[in-house]
1. I need the full set of residues from region 74-100 which are in a loop (DSSP other than H, G, I, E, B) and either in contact with a strand residue (DSSP E or B) (Cβ under 7 Å, 6 or more places away or on another chain) or over 27 Å from Met299 (Cα atoms) (or both), in order please.
2. Among the residues of region 109-123, write down those that are buried (at least 18 other Cβ atoms within 10 Å of the Cβ) and touching a helix residue (DSSP H, G or I) at 6+ places or on another chain (Cβ under 7 Å).
3. Restricting to region 63-85, name every residue that is more than 15 Å from Tyr131 (Cβ to Cβ) and surrounded by 16 or more Cβ atoms within 10 Å (Cβ to Cβ).
4. Is it true that Phe185 is in contact with a helix residue (DSSP H, G or I) (Cβ under 9 Å, 6 or more places away or on another chain) and crowded, with 19+ Cβ neighbours inside 10 Å?
5. Just checking, does region 167-182 include any residue being touching a residue at least 24 places away in the same chain (Cβ under 8 Å), surrounded by 14 or more Cβ atoms within 10 Å (Cβ to Cβ), closer than 30 Å to Ala340 by Cα and hydroxyl-bearing (Ser, Thr, Tyr)?
6. Select from region 119-160 the residues that are part of a loop (DSSP other than H, G, I, E, B) and β-branched (Val, Ile, Thr) and write down the one among them that is nearest to Ile382 (Cα to Cα).
7. I'm checking my understanding of the structure. Among residues of region 347-394 that are within 18 Å of Phe308 (Cβ to Cβ), touching a Lys or Arg at 6+ places or on another chain (Cβ under 9 Å) and aliphatic (A, V, I, L, M), which one is surrounded by the most Cβ atoms within 10 Å (Cβ to Cβ)?
8. Would you mind listing the helices (runs of 4 or more DSSP H) fully within region 161-227 where at least 2 residues are closer than 28 Å to Pro252 by Cβ?
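The values are calculated or read from the model by the stated rules, or taken from the named source; none is laboratory data. All of these numbers come straight from a predicted model, not from anything done at the bench. Every residue, glycine as well, gets a Cβ built from its backbone with ideal geometry; the counts of neighbours run over all protein chains shown.
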Amino acid sequence: MTYATRKHPKILLISAKHYLMAELIAGCQALGLEHAYLFLGGISSAAELEEKLRAEVNRFAPDFLLTMNHLGLDREGLVSEFCRQRELPLLSWFVDRPDLFLPQYSNLDNPCLAYAVWDADAVKPLTDAGYGAAFHLPLAADLSRIHFVPDALPLRDAAFVGNSMHSATEKCWALSAQPDKLRGFWEDVAGEFAASDVRDLPEFVGRDNPEGKRLRESCEPSPRAALDSFVYWRATQLHRLKCMQALLPFEPVVAGDQHWRPLLGDASWIHAGPLHYYSDLPDFYRSTKVNFNTTSMQMKGALNQRVFDVPASGGFLLTDYRAQLPAAFDMGREVVCYHAVEEIGDLVRHYLANPSKRLEIARRARARIEKEHSYAHRMATICENMKRMFGTPA
């Protein structure tokens, strides 16, 4: 494909869900990038999908397509083939493990496809598997929506915002096609994986669990992805419960689904229910003295959304140490982390007693986000990498 002499690319965002599309649009707007959004939800046939995509590409003439988690691609491979025939690059930015999604898609052997991944540890496995070019792109904060309010009235000492993972584990177990008699076996694998430093389940069972390796490799691709997801989510749930036990002495507010109630029982804690990401969370973060964070076991080295959103809102964050954290924030000055569950209690007590320290750390983290971690920064990185890989304008 040949490109006009424009200095900046025209970007067509495509997705069957609105997931993170508002953030990408905000990043484009902040940079003054010409962009359009094609929503592909509710399409009932391949012919309708192809016609809708063709019409918008002809109208807008984008330099490349951009989607999240492959949500703009169909599993049969029509969108991929459309890009191949048009020599039109498509970038899929994964903010969940790609290996849990990609086995369900066809026609991915395509030089027009490229990948960004929020976890630096996922880049090499993706390219080694032959999926194509990939680069690291962490999550970010949407500064067009999240405003820094340093003097918010504190309404609670400690809080955790997150899912109990109950529904996710049950759904994935049902899709894994494993017999119920093996549930206990895979529960044990999840517990062992949560306690391990190994970041990938295939490597973990291949190294330490021959029976798990055999059972996993005997699965078809889609049930295997569901089984992997079950182990990641159950491991996450077990780790979160262990962390929450350390937080319970501070009578935390837990904002999440109803399944937290049987999991945490009658201890001294308050269930806030789910909060709306856009309208509720910034105020909740900034009115909490210590926002507690624990990262999913699908991303043992990477940073989740709370790492950016809490300080961007003006809140103080206590998070678990992750290997990719020092590259994003100055340890101790812009972020505070615990390395083991046993450290949680002392750190919460210390920062509850030091409000000025909490505020200074939040201020520094917000400044770092404004400098390096907005969606405008991520869109700029996307444009630079698409130019490097495909020669599109940047």
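1. Residues satisfying the conditions are Glu76, Gly77, Glu87, Leu88, Pro89, Val95.
2. Answer for region 109-123, where residues must be buried (at least 18 other Cβ atoms within 10 Å of the Cβ) and touching a helix residue (DSSP H, G or I) at 6+ places or on another chain (Cβ under 7 Å): Cys112, Leu113, Ala114, Tyr115, Ala116, Val117, Ala122.
3. Asp63, Phe64, Leu65, Leu66, Met68, Leu71, Gly72, Asp74, Leu78, Val79, Glu81, Phe82, listed by residue number.
4. For Phe185, the condition - in contact with a helix residue (DSSP H, G or I) (Cβ under 9 Å, 6 or more places away or on another chain) and crowded, with 19+ Cβ neighbours inside 10 Å - is not met.
5. yes
6. Ile146
7. That would be Ala365.
8. 166-175, 183-195
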